[in-house]
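What follows is a single structure, written as structure tokens, with notes after it.
A short reminder: the numbers here are calculations on the coordinates, not readings from a lab. For clarity, every value in this text was computed on a predicted model and none was experimentally measured. Because the Cβ atoms are built from the backbone with ideal geometry, glycine has one as well, and the counts that use them run over all protein chains shown.
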Amino acid sequence: MIGKKKRRLTWYLPWDGAYVERRLEKMARKGWQLESAGNPFWTYRRAEPANLHYAMTYFPAASVFDSGPTGEQMTYADYCAAAGWELVSNYGPLQIFVNDRPDPVPIETDEKEKLAAIHGAMKKMLLLPYGALAAVWLVNLLLRLNPRSYYSILSTFSSNQQLLLLLAIALLVLLSLGMVGDYLVWYLRSRRAVERGGTCLPSHTRPRLIFQGTILAVAMAALLVPFAYAFGGRGLLFALAILGCVLLLLAGVYGLLRLLKSMDGSRSFNRVVYVVGAVVLSILYTAVVVKGITTLLPKSESPAPPEVYTVETEWGGIRTYDIYRDDIPLTLEDLGYTVTEADHCSYQRGEQASPLVRWVQYSQSVHGEDSDLPELVYDTADIPWAWLRELCWGRLARYFDFAETDPGPWGADRAIMDEGATGYRRYLLLYGERIVFLFLEEVPTAEQRTVIAAALRS
């Protein structure tokens, strides 16, 4: 009946039973008594306001894949019932009892056994899943910071969207490792306290939940904010749709587990079917999201070229070249080459900038069928942060067969060169805060080096 039950998202530190007990007792005084505890929603039913006492304990031998309480759990529950503690709900190792007596005897009176039960349960409920999550996010972060192509390092650090994505992943790593580390610190300190005859230490859950919520909020903002300015605002709606799909995926996985448990299957059967089902649902989710991205999001389009050069091939086909007239700081003309309309040169400039890196790509392409002009390709990366500039230089220097060369003729601070097998050269030059990548098909003369340095050093 409407108004007789409600479900709430329950967020708590799993090793802080006292925090959960206080919340449940507060809910009971308001007329809402716990009916079942799940993950992550707990169900409450309407009842007369009452002063009830709750106890959250752990039974490490139990599993979330059990269809119901095991025989050992039921025996444990019978012992508790003799002291007035009735089992309300269990979810895996988690057990919650209620007692309506004014001053009930605590279920757990031995702090050493209590701590051992908590730690046994946390191995399953926290250390394993959060450790795995931390490993997955950390590998993802390292892969993104370890460029697999020459341009990866510059394209990553010069993109606000990529930087926000890195921030989100780093925060998720911090959150996962923080949960593991926070628990282990609590456990080790509590173990020392118990060995000295004391009790398990309090966890101060509220400030930790605020911290976790803040980390999650910032991570979500870092993921969604870039979409707010993409594709005329449609990107944000699409991102929210993807988030909705994630929630549907989680709901589907959770629903599958509930269905399996309702069928009274064995723990091993439930585990196998659940893992297979979760994998299948994840694959379907990925397929739907990828299809949505390719179908619904508008395709990015390059600026229309002012001119199109068309050539008929010897096989009777048509070859088309886009001719751009962008303003670039260094041209073949500046290097002393004679350029005519018959060369059909295209001058292109592309820029990408963030607070960390301003990366500009330039090229002068030659499309004339009978032209003997070389190609001219160069990039500049302005990096004001010394540590990041050194990192980018080191990563860029890994690519190609770069070797140290005299920076003097270039007027540069540092210079390395890759001499290709057919005589072309690749140069990596450092001018203060600027890294310059230069590709030349012909060995430059001293005069050309002077012109290049003057055009690209600032």
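The table that follows gives values for the structure above.
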{"item": "Computed P(r) (all Cα pairs; the stretch 5-99; 5 Å bins; percent)", "result": "3, 14, 24, 26, 20, 11, 2, 0"}
{"item": "Computed lengthening from ALA278 to ILE210, 0.36 nm per intervening residue step minus Cα-Cα distance", "result": "21.5 nm"}
{"item": "For HIS344, net neighbour charge (Lys/Arg +1, Asp/Glu -1) across residues whose Cβ lies under 9 Å away", "result": "-4"}
{"item": "Net +/- balance of residues flanking PRO409 in space, Cβ distance below 12 Å, scoring K and R +1, D and E -1", "result": "-1"}
{"item": "Only Lys, Arg (+1) and Asp, Glu (-1) charged, at Cβ; the chain dipole about Cα centre in debye", "result": "3660 debye"}
{"item": "The stretch 133-220, relative contact order [Cα under 8 Å, separation at least 6], %", "result": "33 percent"}
{"item": "Linear extension gain, ASN146 paired with THR310, 0.36 nm per residue minus alpha-carbon span", "result": "55.0 nm"}
{"item": "Which labelled figure in (1) 32.2, 100; (2) 20.9, 63; (3) 21.9, 76 is Rg and Dmax of the Cα atoms in Å, once derived from the coordinates", "result": "(1)"}
{"item": "Under 13 Å, Cβ to Cβ, from GLY265 - net charge with Lys/Arg +1 and Asp/Glu -1", "result": "+2"}
{"item": "For the chain: relative contact order, % (alpha-carbon pairs under 8 angstrom, 6 or more apart)", "result": "10 percent"}
{"item": "Estimated inter-spin distance, LEU127 and ALA170, nm [label 7 Å along Cα→Cβ]", "result": "3.0 nm"}
{"item": "Full-stretch length increase - ALA386, ASP406 - with 0.36 nm per residue and alpha-carbon distance subtracted", "result": "5.0 nm"}
{"item": "Estimated FRET transfer efficiency (THR340, ARG398; beta-carbon r; R0 56 Å; 0.05)", "result": "0.90"}
{"item": "Under the Karplus curve 6.51 cos²θ - 1.76 cosθ + 1.60, θ = phi - 60°, whole-Hz ³J(HN,Hα) for the stretch 262-273, x wherever Gly or Pro sits", "result": "6, 8, 6, x, 6, 4, 5, 5, 4, 5, 5, 5"}
{"item": "Sites ARG349 and ARG319, calculated FRET efficiency, Cβ-Cβ separation with R0 22 Å, nearest 0.05", "result": "0.40"}
{"item": "Prolate/oblate/rounded label for the stretch 307-456 (Cα gyration tensor, a/c 1.5)", "result": "prolate"}
{"item": "Angle between the chain longest axis and helix 446-456 axis [Cα atoms, degrees, rounded to 10]", "result": "40 degrees"}
{"item": "Under Karplus coefficients 6.51, -1.76 and 1.60, residue-wise ³J(HN,Hα) of the stretch 356-365 in Hz, glycine/proline x", "result": "9, 9, 10, 10, 10, 10, 10, 7, 10, 9"}
{"item": "Furthest towards positive pole of dipole, SER190, TYR44, PHE269, structure part the chain, Cβ charges", "result": "TYR44"}
{"item": "In Hz, Karplus ³J(HN,Hα) per residue of the stretch 242-247 (6.51, -1.76, 1.60; θ = phi - 60°; x = Gly, Pro)", "result": "5, 4, x, 5, 4, 5"}
{"item": "Computed over the stretch 5-99: relative contact order in percent, which uses C-alpha pairs under 8 Å that are six or more apart", "result": "27 percent"}
{"item": "Size of charge dipole - the stretch 5-99 - debye, nearest 20, with Cβ of Lys, Arg +1 and Asp, Glu -1, no other charges", "result": "700 debye"}
